[in-house]
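Each remark here refers to the structure printed beneath this line.
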Amino acid sequence: MVYNRKKTDQQRSEIMRIRIEPITEQNQKDVLELEAACGQEGFVESVEECLEEAGQWRQWRPVGLYDGDQAVGFAMYGYLVGRLWFDRLLIDQRFQGRGYGREAVAMLLERIHREYPGKKQIYLSVVEGNDQAAKLYRDFGFAFNGERDTKGEYMMVKNQE
């Protein structure tokens, strides 16, 4: 028997119960406890570093990713220096391999599209060697554009529909 594995975004959300919450004083402690898996430490800045950067640049929108009441990840996006960025994504080491990253990307792209109507492109950057993240982003229509950001990371871009 073959099952149709395609699910609507609402069906995926109901199954995983993932939700996106802005970072507040009440939930900041939850996301500060999130950590990359061993060997992934250099792939994304720590949540603490991201929140410091968001404090300096109000254009960033840091968010916690939750399954029920459990923080499973962190992301940050925003419009900065003339570009719309899907800048950070971290799924805690304890929750990797369960589909949270894929679900988070889908939901965050929808959110970005709603919050920034009229913006034609979304940018992100990937550290060299982070092949798993690059594949995930390619699955969502991102492609390397030949640029590097100020940290030397390879940039990817996605055209919004």
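Observations on the structure shown:
- Any hit, segment 27-44, residues being surrounded by 12 or more Cβ atoms within 10 Å (Cβ to Cβ), modelled with pLDDT of 65 or more and basic (Lys, Arg): no
- Sub-6 Å Cβ pairs linking a first residue in segment 68-90 that is among the β-branched types (Val, Ile, Thr) to a second residue that is part of a strand (DSSP E or B), at least 6 apart or interchain, are Val72/Leu65, ordered by first then second residue.
- Of all the listed residues (Lys119, Lys151), the sole one being at pLDDT below 90, within 12 Å of Trp85 (Cβ to Cβ) and outside any strand (DSSP E or B) is Lys119.
- Residues of segment 101-124 satisfying the condition of being in contact with a Leu (Cβ under 9 Å, 6 or more places away or on another chain) and surrounded by 14 or more Cβ atoms within 10 Å (Cβ to Cβ): Gly101, Arg102, Glu103, Ala104, Val105, Met107, Leu108, Ile112, Tyr116, Ile122, Tyr123, Leu124
- So Arg98, is it open to solvent by 80 Å² or more (accessible area, probe 1.4 Å), out of contact with any Cys (no Cβ under 6 Å at 6 or more places or on another chain) and modelled with pLDDT of 90 or more: no
- Selection count, segment 50-94, where residues are among the polar types (S, T, N, Q), more than 25 Å from Asn159 (Cβ to Cβ) and either modelled with pLDDT of 85 or more or assigned to a strand (DSSP E or B) (or both): 2
- Extreme residue, modelled with the highest pLDDT, among residues of segment 125-148 that are among the polar types (S, T, N, Q) and either under 14 Å from Trp85 (Cα atoms) or assigned to a strand (DSSP E or B) (or both): Asn145
- Screening Leu84, Leu89, Leu65 for residues that are under 19 Å from Ile23 (Cβ atoms), open to solvent by less than 20 Å² (accessible area, probe 1.4 Å) and of a type in the set (A, V, I, L, M, F, W, C) leaves exactly one candidate, Leu65.
- Residues that are open to solvent by 100 Å² or more (accessible area, probe 1.4 Å) and modelled with pLDDT of 75 or more, drawn from segment 1-26: Glu25, Gln26
The values are calculated or read from the model by the stated rules, or taken from the named source; none is laboratory data. Quick caveat, the model's predicted, so the values are computed rather than measured. Cβ sites come from the backbone with ideal geometry, for glycine too, and all protein chains shown count toward neighbours. Only protein heavy atoms, including side chains, enter the accessible area calculation; ligands, DNA and RNA are left aside. Shrake-Rupley method; radii C 1.70, N 1.55, O 1.52, S 1.80 Å.
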